[in-house]
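Any read-out appearing in this document is the output of simple, stated calculations on the displayed coordinates, not a laboratory observation. Keep in mind it's a predicted model, so treat the numbers as computed, not measured. Cβ placement follows ideal geometry from the backbone for every residue including glycine, while neighbour counts extend to all protein chains displayed.
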Amino acid sequence: MALNRWEDLEVKNLFSEVEETKRKGKAVRQAFIEHAKKHGRKPNSVRNYYYQEVNNLLADNGRVKKLGIDISLHQKQEIKFFKEEEEEKIVKSIEDLVNQGDSVRQACLKLSGGDVGLMLRYQNKYRNHSIKSFNDEKPANILEFKTPQRGLSESDLNSLFMGLVRLVKKTAIEETSLQLKKEKDSVSFLLKKTLIELHKKEREINILKEDILKLTKENKKLEEKRINDKTLHAKLLAQKLSKFKAGCKGS
């Protein structure tokens, strides 16, 4: 199919966006979506143009140099499948790093030495392994329904019904127990909070009592001083009156 070539600047922008998207470990389709938004195109049209242009550039080294594109970053890599021993080693290494606090993504990036493509392969391999492990070790409370080779008998239906009843009862009990625990923890928290508040109020009351006692003592002292001052004033007044009378008699 003939390629309706875009402007060189837009082609360079598209290839730069794809390279940046790969460096970030995202799907290449995200670059097509972002480019389509910027240039008013449809994501599928951008995708089709990109892959056709890659094929053309692989056969046109002169245009590659003109555009300044590192075409090695855009070639499809041949998929090399992991051997069983390699897969087990990779999964164990990832689990060790995860147990040390890394996320699965961080662990895969470390093991890949910064190679985003290899990191994504490690990540997908680990996830597939996790899914397979889950299917191989299903929890006991999961019921498997196999397609019967014949119609279900009344006994089969009764057994299936009773199994469902037991599962529902078990789930209800677990949910009730969890709810009761939450309520108990909530009541304990409220009780503890109330006791702390009561203790604070008791301390405040004791402080107020001490303040009242101090005020009472100070008030008593002021009253005693007032009485003493009044008595002294009366004595001085009596003495002045006595001197005044004595002076009147002498005259």
Could you list Y51, Y122 in order of exposure, starting from the residue whose Cβ has the fewest other Cβ atoms within 10 Å? Y51, Y122
Of N44, V11, I71, which is farthest along the charge dipole of region 8-73 in the positive direction, counting Lys and Arg as +1 and Asp and Glu as -1 at C-beta? N44
When all alpha-carbon pairs of region 164-244 are counted, what percent fall beyond 17 Å? 75
Using θ = phi - 60° and the Karplus relation 6.51 cos²θ - 1.76 cosθ + 1.60, list the HN-Hα couplings for region 86-92 in order, rounded to whole Hz, with x at every Gly or Pro. 5, 4, 4, 5, 5, 4, 5
Gain in span if fully extended, E19 to A59, counting 0.36 nm per residue against the direct Cα distance: 12.4 nm
Taking the Cα-to-Cβ direction at S45 and at S186 and moving 7 Å from each Cα, how far apart do the two end points lie in nm? 5.7
Between the DSSP loop rule and a limit of at most 12 other Cβ atoms within 10 Å, which GluC sites (Glu not before Pro) in region 1-45 are left? E7
